[in-house]
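Down below is the structure, laid out as structure tokens.
What follows is calculated from the coordinates using simple rules that are stated; it is not laboratory data. Since we're looking at a predicted model, the values are computed, not measured. No Cβ is skipped: glycine too gets one built from the backbone with ideal geometry, and neighbour counts run over all protein chains shown.
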Amino acid sequence: MRSAIGIGVLLLAFLVLAGPARAGDLRIGVRVGETGVALRGGQITALTSSDGSPAGPTLAGESWGVELAAYRARAGQYTSSWLARAAARALGETGYPALVSREGETWVVATPPQPRAEAAAELAAALAQAGFATRVDLGRYPDAGAPGFRLLTAEGAGLVLLSKLDVTGAEVEGRAYRGSLEIARSPATGLLQAVNAVAGEDYLRGVVPHEMPAGWPLEALKAQAVAARTYAAANRGRHAAAGFDLCAGVHCQVYGGRAVEHERTDRAVAATAGLILTYGGTPINAVFHAHAGGHTDSSQAIWGWSAPYLPGVSTTGEKPLPWRLYVTRAGLEAALESRLRAAAPALAGGSGGIRGLLPALHTAAGRVKELEIQAARGVARLSGNALREALGVGVFRSTLFQPVALLETRFGPPGAPVLTYARWPSAAEATLELISLPLGDSSPVPFGLTPGWAWPAGFFFLGDGFGHGVGMSQWGAREMALAGRSAELILASFYPGAVLTAAR
Ligand SMILES: [Zn+2]
């Protein structure tokens with residue numbers, strides 16, 4: 001199938017300047033502690049104090065921080081640090097983290113500061129239950145009666161009570177950002193949050209190197225830059241309730257600020273400035289994954305919703321990326337227990353043990369869509385995605401796999417060790433199909449003989465590719481770029497029908 005792609009007109013050039021937030025900036029929620037933010041250097045551009053005190057000084061070059069008024073549950077006051085430490089250890093053994101701090105001539109044992117009074121009150125009640133009834137009380141930390149939060153120097157002296165602080169050029173938790181930073185309580189959670197207001201193109205400079213190695217071919221990096229820009233355009237405002245557009249974690253796109261920028265990814269961002277993919281005039285859902293294992297699948301096949309620009313396509317040139325995972329039967333049963341209880345009424349009281357796995361439904365590209373789990377007390381069906389999530393998407397790399405039951409292990413002749421195990425399609429028809437694999441694999445392999453055929457010792461999962469398999473394969477993009485294809489052609493083959501358009 002041929003795919004059409006058009007190039008729109010570049011309507012808007014982005015200015016790349018650091019400075020106070022401007023209209024059009026993206027607002028990115030960056031990670032800080034719940035009750036404190038460590039800052040270094042920078043310039044205060046606006047300060048809203050909650051007690052009418054004047055604006056604080058510029059603290060360029062110094063380490064400083066802001067701290068939310070927080071609560072802690074106190075579990076006693078001791079005259080020696082040794083006694084306090086022993087009490088903290090005892091608390092730790094009951095499952096409550098405890099900190100020891102000096103207060104004048106005494107040592108206080110308390111839980112870490114909590115941003116919410118109710119949470120600290122609950123902890124205090126739990127500590128009382130655990131036998132720490134003496135002197136368990138609730139105190140405000142660091143100081144009483146503060147409606148906002150405090151700006152602190154490195155020594156911890158409060159400078160001024162704040163309700164909002166805008167800075168530029170500061171490192172936040174050791175990380176530098178372009179644009180400006182706004183530190184305030186989250187309107188959604190009441191916790192402290194930092195929002196980086198940054199020009200869209202500068203944001204991408206901190207995103208693309210996280211998504212694709214900077215040493216990869218430039219045309220692949222350009223395709224990645226367009227996909228990331230499109231994602232940002234389509235999802236802008238996803239965190240509107242919390243006061244920002246996108247978060248800096250895997251939930252949206254990983255964003256590392258200035259610290260992760262690289263000259264090559266910068267070049268890919270600049271070369272595609274402002275370009276996004278649209279379909280019917282709307283930014284597309286430009287999903288991507290690491291490696292398709294030879295063929296992508298449609299969004300309909302994997303997630304059950306259809307998008308005309310997300311069909312399954314072949315990734316010619318993509319070299320195989322085989323993976324292998326061994327899971328003991330007990331490990332598999334533990335991972336699937338709650339899912340199996342929910343999946344079949346017969347298994348509501350427990351599966352009684354897993355005896356076999358049988359792929360029951362495949363996608364067009366061969367990914368396991370549905371899997372029959374044969375348990376002692378009955379049979380349940382799970383999606384391939386559910387199995388992958390249960391075992392961990394980082395190690396169970398894709399749903400392009402086949403399960404193989406391990407029934408017995410044997411060694412080959414000396415000098416050429418061979419592990420032999422049997423494929424087991426179902427408990428009923430235990431056809432014996434021997435597969436040999438060389439040892440020296442990184443997967444943990446159990447040695448020993450499993451008696452009889454009734455219970456496998458565990459399961460091998462032999463797979464290919466990495467990721468969900470929808471949209472652009474990054475590895476496929478790399479291979480296409482190495483073969484001389486342009487970013488436009490790479491995008492057109494993974495998102496057929498989508499149009500390259502200038503964002504505005
Ligand atoms: Zn997010």
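Compute, for region 70-141, the length of the dipole vector about the Cα centre, with Cβ point charges of +1 (Lys, Arg) and -1 (Asp, Glu) only. Units Debye, rounded to 20. Display every interim value, and only then the final one.
Numbers: 8 positive and 6 negative charges, 25 e Å.
The calculation lands at about 120 debye.
Please find the FRET efficiency linking E62 to E337, where r is the Cβ-Cβ separation and R0 is fixed at 51 Å, and quote it to the nearest 0.05.
With a Förster radius of 51 Å, E is 0.45.
Can you work out the FRET efficiency for the pair S50 and V254, with r the C-beta to C-beta distance and R0 = 30 Å, to the nearest 0.05? Walk me through the numbers on the way to the answer.
Details: r = 34 Å, r/R0 = 1.12.
Efficiency, from the Cβ-Cβ distance: 0.35.
Which of the peptides 101-108, 384-391 is most tightly packed, and how do the rest follow, judged by the mean count of other Cβ atoms within 10 Å per residue?
Values: 101-108: 12.5, 384-391: 18.8.
With the highest mean Cβ count within 10 Å placed first, the list reads 384-391, 101-108.
How would Y96, Y231 line up from fewest to most surrounding beta-carbon atoms within 10 angstrom? Don't skip to the answer; put the middle values down first.
On the way: Y96 18, Y231 24.
Ordered by Cβ neighbours within 10 Å, fewest first: Y96, Y231.
To the nearest 0.05, how large is the calculated FRET efficiency for R22 and A346 if R₀ is 51 Å and r is the Cβ-Cβ distance?
Working: r = 61 Å, r/R0 = 1.20.
The pair R22/A346 has a calculated efficiency of 0.25.
Can you sort K222, K164, K319 from fewest to most other Cβ atoms within 10 Å of each residue's own Cβ? Provide the component values of the computation, followed by the final result.
Working: K222 26, K164 15, K319 11.
Arranged by neighbour count, lowest to highest, K222, K164, K319 become K319, K164, K222.
Length gain on complete extension for the stretch E155 to R89, per 0.36 nm per residue less the alpha carbon to alpha carbon distance? Kindly include the intermediate steps, with their values, before the conclusion.
Values: separation 66, 0.36 × 66 = 23.76 nm, distance 2.79 nm.
Full extension from E155 to R89 adds 21.0 nm.
List the lysines whose Cα lies under 27 Å from the Cα of K319, skipping any in the same chain that are fewer than 8 positions away.
K319 reaches K222, K369.
Taking the Cβ of each residue in V287, V207, V160 as the centre, tally the other Cβ atoms inside 10 Å and list the residues starting with the fewest. Mind dumping the intermediate values first?
Numbers: V287 22, V207 28, V160 19.
Going from sparsest to densest Cβ surroundings: V160, V287, V207.
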